[in-house]
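Accompanying notes for the structure given below.
The values are calculated or read from the model by the stated rules, or taken from the named source; none is laboratory data. A quick note: this is a predicted structure, and the numbers were derived from the prediction, not measured. Every residue, glycine among them, receives a Cβ derived from its backbone with ideal geometry; neighbour counts consider all protein chains shown.
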Amino acid sequence: MNRIGLALLIAAASLPARAAIPAEEDDCLSCHGTDKTMTLDLPSGEKVSLFVDQEVFAKSVHGDMLRCTECHADKTGYPHDSKPFKTRRDVAVAFYEQCKKCHFANYTKTLDGVHYALMAKGNTHAALCVDCHGSHAITRPAEPRTRISETCAGCHEPVYETYTKSVHGKALLAGSQDVPVCTDCHRAHDIPDPRSGALSLRTAEICGRCHTNEKLMSKYGLSTKVVDTYLSDFHGMAATLQKGKQKGEGIRLAAGCTDCHGVHDIQKTDDPTSHVLQANLVQTCRKCHPDANANFPAAWLSHYEPSWQKAPLVYAVQLFYKFIIPFMVAGIVLQIALHLWRVVVNR
């Protein structure tokens with residue numbers, strides 16, 4: 001009995017585990033699904049395993065819908081033609097565009113992302129589809145939800161470690177489905193360059209997706225007015241005026257949410273390490289206002305809406321203008337009406 005025939009007999013023993021695999025895959029899996037020692041030896045000294053776990057592949061999102069040759073279209077006969085791959089990374093880059101055959105919409109989004117921009121500049125280590133989704137064991141990315149941030153940690157481990165210590169990261173690891181993971185803020189495929197000031201100017205919009213949700217915020221006893229109060233404050237107004245005008249890195253006119261609360265290290269406002277705790281607020285302000293003194297933060301209402309209890313002078317001025325402006329407008333309209341009436345009567 002030849003090698004392929006023997007492999008087919010062995011594979012038949014695991015038929016229930018690979019029930020979802022199309023019959024057309026038998027030829028491929030007779031070798032690649034049985035020989036765990038099969039590898040591609042590269043000039044760099046690296047070895048790429050050519051073994052495909054049949055049970056794992058059957059449970060993947062592609063297990064019952066794709067044939068091997070739909071991705072490995074160049075493999076039409078046996079023995080397979082060798083390819084001039086030098087490193088393991090060369091293999092990943094070579095198969096990068098296979099995904100666009102079915103996922104063209106997401107593929108085109110990646111062309112606007114920071115990872116593709118880096119790869120276009122010659123950085124072959126920039127993340128590709130398989131780096132995030134895997135190859136044969138592809139599952140739905142949010143099952144479980146923690147997998148999204150854990151995947152990003154493969155390249156951004158220091159950021160992930162900081163995130164896991166934040167109020168959002170702690171809640172995620174505790175099982176919460178309500179807190180944001182990496183892709184909620186950075187998006188998944190068209191990830192913008194975080195070093196660009198344009199992203200910071202969008203933080204009110206990004207953070208507002210959760211922090212203006214009354215049902216969600218009531219669950220944690222948090223206010224939904226934080227975005228409105230920010231936008232009506234001098235920081236928010238300046239950011240709104242500048243939004244859409246920022247090109248690459250440059251000078252920003254105002255602070256966004258993350259400039260004060262932190263980026264990946266956001267904590268509860270009463271946490272001793274919080275950037276917006278009263279004791280730490282001066283240092284936070286000094287990131288933009290180096291000459292700020294101890295009284296400087298008092299100029300900010302800290303997301304509070306003015307009232308007789310909080311900033312009574314500001315509240316009194318607001319009330320004054322709410323009455324005086326309509327009164328003055330009504331007076332001007334009345335004066336014009338009386339003047340016109342007099343002109344008509346005198347004629």
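Here is how the numbers come out for the structure above:
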| quantity | calculated |
| --- | --- |
| Residue match in the range 102-110 (condition: in contact with a Leu (Cβ under 9 Å, 6 or more places away or on another chain) and touching a residue at least 60 places away in the same chain (Cβ under 8 Å)) | yes |
| Qualifying residue in the range 311-331 (condition: within 27 Å of the chain's Cα centre (by Cα) and in a loop (DSSP other than H, G, I, E, B)) | no |
| Index of the failed condition, Ser274 passing every other in (1) in contact (Cβ under 8 Å) with a residue 40 or more places away in the chain; (2) part of a loop (DSSP other than H, G, I, E, B); (3) surrounded by 15 or more Cβ atoms within 10 Å (Cβ to Cβ) | (1) |
| Subset of the range 51-74 that is part of a loop (DSSP other than H, G, I, E, B) and touching an Asp or Glu at 6+ places or on another chain (Cβ under 8 Å) - its residue that is nearest to Asp131 (Cα to Cα) | Phe51 |
| Qualifying positions in the range 269-294 - polar (S, T, N, Q) and either closer than 19 Å to Tyr220 by Cβ or modelled with pLDDT of 90 or more (or both) | Thr269, Thr273, Ser274, Asn280, Gln283, Thr284, Asn293 |
| Scan of the range 102-114 for residues that are crowded, with 16+ Cβ neighbours inside 10 Å, out of contact with any Pro (no Cβ under 9 Å at 6 or more places or on another chain) and either charged (D, E, K, R) or farther than 21 Å from Thr69 by Cα (or both), ordered by number | Lys109, Thr110 |
| Which listed residue is more than 24 Å from the chain's Cα centre (by Cα), without any contact (Cβ under 8 Å) to a residue 60 or more places away in the chain and buried (at least 16 other Cβ atoms within 10 Å of the Cβ), from Cys129, Cys99, Cys152, Cys68 | Cys68 |
| Qualifying positions in the range 220-240 - assigned to a helix (DSSP H, G or I), at pLDDT 90 or above and among the β-branched types (Val, Ile, Thr) | Val226, Val227, Thr229 |
| Selection status of Ala204, part of a helix (DSSP H, G or I) and out of contact with any helix residue (DSSP H, G or I) (no Cβ under 9 Å at 6 or more places or on another chain) | no |
| Checklist (1) touching a residue at least 60 places away in the same chain (Cβ under 8 Å); (2) farther than 23 Å from Arg187 by Cα applied to Ser49, failing item | (1) |
| Top-ranked residue of the range 241-268 - restricted to ones that are modelled with pLDDT of 90 or more and assigned to a loop (DSSP other than H, G, I, E, B), ranked as farthest from Asp193 (Cα to Cα) | Lys268 |
| Top-ranked residue in the range 207-219 [being free of Cβ contacts under 8 Å to residues at least 24 places away in the same chain and part of a helix (DSSP H, G or I); ranked as surrounded by the fewest Cβ atoms within 10 Å (Cβ to Cβ)] | Lys215 |
| Checking His62 against (1) in contact with a Lys or Arg (Cβ under 8 Å, 6 or more places away or on another chain); (2) surrounded by 11 or more Cβ atoms within 10 Å (Cβ to Cβ); (3) at pLDDT 85 or above, the condition it does not meet | (1) |
| Residue under evaluation Asp90, criteria (1) assigned to a helix (DSSP H, G or I); (2) at pLDDT 85 or above; (3) in contact with a helix residue (DSSP H, G or I) (Cβ under 8 Å, 6 or more places away or on another chain), criterion not met | (3) |
| Residue count, the range 163-185 (criterion: of a type outside the set (Val, Ile, Thr) and surrounded by 18 or more Cβ atoms within 10 Å (Cβ to Cβ)) | 8 |
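Yes or no, residue by residue, for (1) within 28 Å of Tyr107 (Cα to Cα); (2) in a loop (DSSP other than H, G, I, E, B); (3) among the hydrophobic types (A, V, I, L, M, F, W, C):
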{"position": "Gly169", "(1), (2), (3)": "no, no, no"}
{"position": "Leu172", "(1), (2), (3)": "no, no, yes"}
{"position": "Gly175", "(1), (2), (3)": "no, yes, no"}
{"position": "Val179", "(1), (2), (3)": "yes, yes, yes"}
{"position": "Asp184", "(1), (2), (3)": "yes, no, no"}
{"position": "His189", "(1), (2), (3)": "yes, yes, no"}
{"position": "Pro192", "(1), (2), (3)": "yes, yes, no"}
{"position": "Arg195", "(1), (2), (3)": "yes, yes, no"}
{"position": "Ala198", "(1), (2), (3)": "yes, no, yes"}
